[in-house]
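To start, the structure itself, in structure tokens.
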Number of protein chains: 2
Amino acid sequence: MNKGTLIILAGPSGSGKDTVMKELFKLLPDLKFSISSITRDMREGEVNGEKYNFITREEFESMIENKQLLEYNVYCGNYYGTPKAPVEKAIAEGKEILIEIDVNGAEEVRKNCTDYFSVFIMPPSFEVLRERLVGRGTDKMEVIEKRLEEAKAEMARANEFDYIVVNDDLMTAVQNFKTIIEAERCKSDRIL
Amino acid sequence: MNKGTLIILAGPSGSGKDTVMKELFKLLPDLKFSISSITRDMREGEVNGEKYNFITREEFESMIENKQLLEYNVYCGNYYGTPKAPVEKAIAEGKEILIEIDVNGAEEVRKNCTDYFSVFIMPPSFEVLRERLVGRGTDKMEVIEKRLEEAKAEMARANEFDYIVVNDDLMTAVQNFKTIIEAERCKSDRIL
């Protein structure tokens, strides 16, 4: 049996990361997803245990204290974090588990994990990114400008990742991501 | 343009390395092959400049002196080596160039090169390797036993390579090798 691995995925808002991920899971049904633990209120349409585990502040702080998180962060007064146990379980069972995270979170995870590789989803250009964010029509221009600033800062750190998948054409990006996962199964440290 | 890379390929006698390579070149016509320079006499059926460049002892020793080789070795009184220039040219042009070599040669090349990844072709088992070498029917048992000893020693060093391609089914092995090459094109240091 090959050894399992953690797949760290990041990419700026507007890179199409979520869509790439959704298509990837269709092609690789055995791929696990790392569910984040968070303390904010559940929003309409969200299902507990799907993308997030909604837990209390006390539960989260106990996880911090007991070093049960690969990384965590505070955003708008709420905790967001990656529980260690499911990742370690998946790797021990020889499975691949994907974690979607921002570049700072990715940096933390790398420090606390040995069996991983990392992928950065890159928009084809900064101009395309701007068009996509404006095209959504859901955000005010000042929100879009803030997102673009954040995206620029994230893209400048793409070199911290092992692989870059340029999301120009969606299915090409998904196929490239799948190819990376398949090639990584041939890594000597996964086999020996 | 993506950066080019050297692909270091090794694998024991009987691993099916040559057949895998032949099929791979059919699938990837742009892949370059690193032609070794050697000083032994040309054998029947060999073409100068195909797998080897046949050069004189003096020419070879001048290449050593001028540090124009990535690695070299002496075998049965003849020199065998990898010229540096074609590899550097291919990498500078953004191409992929494959070098077939033994594990000691691979170690030397790694020391003298920065842009590379390495692949070890592994027979499915030591028993299958024995069957293949015996099955060829071309060698005496003592030659086979010597090859098997060498193979065992080479296989023990598979961990020095980035990837391992198990050659159980030929076309699966070729496909895995191709997948590795395609995934490596997404490496951030090839793109940025």
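No lab work stands behind these numbers, since they all come straight from the coordinates. Everything quoted here is computed from the prediction, not taken from an experiment. A quick note on method: Cβ atoms are made from the backbone with ideal geometry, for glycine too, and the neighbour counts reach across all protein chains shown.
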Identity of the residue in segment B:113-131, within 14 Å of another protein chain (Cβ to nearest Cβ) and of a type outside the set (A, V, I, L, M, F, W, C), that ends up nearest to B:Leu70 (Cα to Cα): B:Ser118
Qualifying helices (runs of 4 or more DSSP H) (wholly inside segment A:132-192; at least 3 residues being more than 8 Å from chain B (Cβ to nearest Cβ) and closer than 30 Å to B:Ile180 by Cβ): A:170-184
Selection count, segment A:137-154, where residues are surrounded by 11 or more Cβ atoms within 10 Å (Cβ to Cβ) and farther than 10 Å from A:Pro12 by Cβ: 5
Matching residues in segment A:32-54 - criterion: being of a type in the set (A, V, I, L, M) and buried (at least 18 other Cβ atoms within 10 Å of the Cβ): A:Ile38
Matching residues in segment A:60-77 - criterion: being surrounded by 12 or more Cβ atoms within 10 Å (Cβ to Cβ) and assigned to a helix (DSSP H, G or I): A:Phe60, A:Glu61, A:Ser62, A:Met63, A:Ile64
Qualifying residue in segment B:98-106 (condition: in contact (Cβ under 8 Å) with a residue 12 or more places away in the chain, buried (at least 20 other Cβ atoms within 10 Å of the Cβ), part of a helix (DSSP H, G or I) and within 14 Å of chain A (Cβ to nearest Cβ)): yes
Subset of segment B:107-131 (residues that are surrounded by fewer than 20 Cβ atoms within 10 Å (Cβ to Cβ), outside any helix (DSSP H, G or I) and not aromatic (Phe, Trp, Tyr)): B:Cys113, B:Thr114, B:Asp115, B:Pro124, B:Ser125
